[in-house]
Structures are given as C-alpha cells and as structure tokens.
Amino acid sequence: MNTRMIGAGIFGIVGIAILLSLGTWQIKRLAWKESLIAQIEARIHNEPVAVPEAPVESRDRYTPVLAHGRFTGESVDVLSSQREAGPGMQVIEVLETDTGRRLLVDRGYVPEAQRDGLMLVSQDVTVTGNLDWPDETDSFTPAPDMGRGLWFARDPAPIAAVLNAEPFLIIASSDSAAVSPLMTMPMNTVSIKNDHLEYAMTWFMLAAVWAVMTFALVWRMRRSTV
C-alpha cells in the first residue's frame, strides 16, 4: 500500500467521521426540539391565570393568562402575511388593565388593504392568551418605520419602550373586542421549525456516498499498482 492510498484512506475516514457526527448532532437536536414542542403543547392549553406582576421569560413563557381592561388605541403594526389572505399586519396594541398596567397584546392579523379602517379603541375588554417574548430580529431586519408605526418583526422590548408598556407580549387566543377583518392568531407549535430529521438523513446519506467514493478511489489506486 503506497502513500497515496494511505492518504486517500485517511481523508475518506475523516470525512465520513465528520459527516456522521453532523448527522448524530441533528438527531440530538431532533430529540430536543420534540421535547420542547411537547412542553409548549402541554403548557399553552392550561387554564389561564392572572398576568404575573413581573413575568420572567425563562419561567413564564407560554403561560396562559387572562386580562381585563380597555384597548387604548396605541399600537404598532408588524409586517406579516398569511397564505390564504396575503400581505397584512400583526396588530400589537396597548391594553390598559383595571389596575393601571399597560400590557402589549398581539391582537392578530389584518389584511393590508383593510388595516386603515380598523377601529382599535375599545372599552370593557377581556383578553385571554399566552405570554411570549418573540425573538424574530436578526442583522437583516430593517429598522422600524416610526413615522408609520410599522415594524418588521415582533420585538417586545423596543415596542414596549415606544408604547410605554411592559416588555412582553400576550398572544391573544380570545379577544372580546376583535371584529372582522381582525383575525386572532392563537399561539401554536405549527410555526416551530422541526426539520432536524431531514438534515440528519442528508448528512448520513452524504457519509454513505463519501464512503463509497473513498472505497472506489482506493480500489482504483490499488488496481493501478498491481
């Protein structure tokens, strides 16, 4: 066995090991994601409770809550779209509770063409939903258009600073003041990406192809030296 064959064999083994490790990592991620989805599903359907005085994301995320008060009309729109309805807005509005708290409520989706006619001020409102701290921004997210009140991602802390509210969202599942064309969008796990199995299978298939190619290369080298 010459040096070239040894080098090709080592290169092949290292490549296979790397691809197998990536596939194994994706399997571990799959187990973690399935566990997370199961936890969320188990939690979001519990009986709603009063909004905690000082919610903490690590403890209270997805907690079902109930709040009563009035919608003040202070709001921002987050650019969104729905497959059946096309482009539109997620309406995030201030709910002023009976005790004076100012809470941000994601009231749901409204088609872009019908946004201007939507009435937002409402008295004697009851909202049920789930606490959330969405993390939808990255380095490519445009800055909000403050003049139009238009945002390009749900980002509770800066939205709360603009609207003088507490820095978390209630994702409404029931909104007694919601009327068409506003569509409440209850929290669910459908939007959580879970494609780790597909990635794992891809890495494992690449590892198999790499192994076959390595075997073929070494075999050809061996034959050429015979």
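Select from the stretch 119-130 the residues that are of a type outside the set (Val, Ile, Thr) and more than 19 Å from Ala54 (Cα to Cα) and write down the one among them that is surrounded by the fewest Cβ atoms within 10 Å (Cβ to Cβ).
Looking only at the stretch 119-130, we keep the residues that are of a type outside the set (Val, Ile, Thr), and these are 119-120, 122-124, 129-130.
Subset that is more than 19 Å from Ala54 (Cα to Cα): 119-120, 122-124.
Working: Met119: 10, Leu120: 15, Ser122: 18, Gln123: 8, Asp124: 10.
Only one residue fits best here, namely Gln123.
Can you confirm whether the stretch 91-112 contains a residue that is assigned to a strand (DSSP E or B), without any contact (Cβ under 8 Å) to a residue 60 or more places away in the chain and closer than 16 Å to Met185 by Cα? Working first, answer last.
As a first pass, look at the stretch 91-112 and keep what is assigned to a strand (DSSP E or B): 91-97, 102-111.
Then keep just the ones that are without any contact (Cβ under 8 Å) to a residue 60 or more places away in the chain; that gives 93, 96-97.
Of the ones still in play, those that are also closer than 16 Å to Met185 by Cα are 93.
For the stretch 91-112, residues assigned to a strand (DSSP E or B), without any contact (Cβ under 8 Å) to a residue 60 or more places away in the chain and closer than 16 Å to Met185 by Cα: present.
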>> Looking at the stretch 8-28, can you tell me whether even one residue there is among the basic types (Lys, Arg), touching a helix residue (DSSP H, G or I) at 6+ places or on another chain (Cβ under 9 Å), modelled with pLDDT of 90 or more and more than 30 Å from Arg107 (Cα to Cα)?
In response: yes
>> Take the residues in the stretch 162-186 that are among the hydroxyl-bearing types (Ser, Thr, Tyr) and open to solvent by 50 Å² or more (accessible area, probe 1.4 Å); name whichever of them is modelled with the lowest pLDDT.
In response: Ser180
> Which condition does Thr189 not pass, out of (1) β-branched (Val, Ile, Thr); (2) surrounded by 14 or more Cβ atoms within 10 Å (Cβ to Cβ); (3) not in a loop (DSSP other than H, G, I, E, B), if it passes all the others?
Replying inline: (3)
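Condition check ((1) over 20 Å from the mean Cα position of the chain (by Cα); (2) open to solvent by less than 60 Å² (accessible area, probe 1.4 Å); (3) within 16 Å of Ser180 (Cα to Cα)) across all residues:
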| site | (1), (2), (3) |
| --- | --- |
| Phe71 | yes, yes, no |
| Ser75 | yes, yes, no |
| Glu96 | yes, yes, no |
| Gly117 | yes, no, yes |
| Asp132 | no, yes, no |
| Asp138 | no, no, no |
| Pro142 | no, no, no |
| Trp151 | no, yes, no |
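Within the stretch 11-68, restricting attention to residues that are of a type in the set (Val, Ile, Thr) and in contact with a strand residue (DSSP E or B) (Cβ under 8 Å, 6 or more places away or on another chain), which residue is nearest to Gly100 (Cα to Cα)?
Of all residues in the stretch 11-68, those of a type in the set (Val, Ile, Thr) come to 13-14, 16, 18, 24, 27, 37, 40, 44, 49, 51, 56, 63, 65.
Subset that is in contact with a strand residue (DSSP E or B) (Cβ under 8 Å, 6 or more places away or on another chain): 44, 49, 51, 63, 65.
Details: Ile44: 26, Val49: 18, Val51: 13, Thr63: 21, Val65: 17 Å.
Applying the filter and picking the extreme gives Val51.
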> What's the number of the condition Ile159 fails, among (1) in contact with an Asp or Glu (Cβ under 9 Å, 6 or more places away or on another chain); (2) modelled with pLDDT of 95 or more?
Replying inline: (1)
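The rows are residues; the columns are (1) among the acidic types (Asp, Glu); (2) within 30 Å of Leu30 (Cβ to Cβ); (3) in contact with a His (Cβ under 9 Å, 6 or more places away or on another chain).
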residue	(1), (2), (3)
Gly147	no, no, no
Asp175	yes, no, no
Met187	no, yes, no
Val209	no, yes, no
Thr214	no, yes, no
Leu217	no, no, no
Ser224	no, no, no
> Counting just the residues of the stretch 26-65 that are touching a residue at least 60 places away in the same chain (Cβ under 8 Å) and among the hydrophobic types (A, V, I, L, M, F, W, C), which one comes out most open to solvent (accessible area, probe 1.4 Å)?
Replying inline: Ile27
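The values are calculated or read from the model by the stated rules, or taken from the named source; none is laboratory data. What you are looking at is a predicted structure, and each value in this text was computed from that prediction instead of being measured. Every residue, glycine as well, gets a Cβ built from its backbone with ideal geometry; the counts of neighbours run over all protein chains shown. Accessible surface areas use protein heavy atoms only, side chains included; no ligands, DNA or RNA. Shrake-Rupley method; radii C 1.70, N 1.55, O 1.52, S 1.80 Å.
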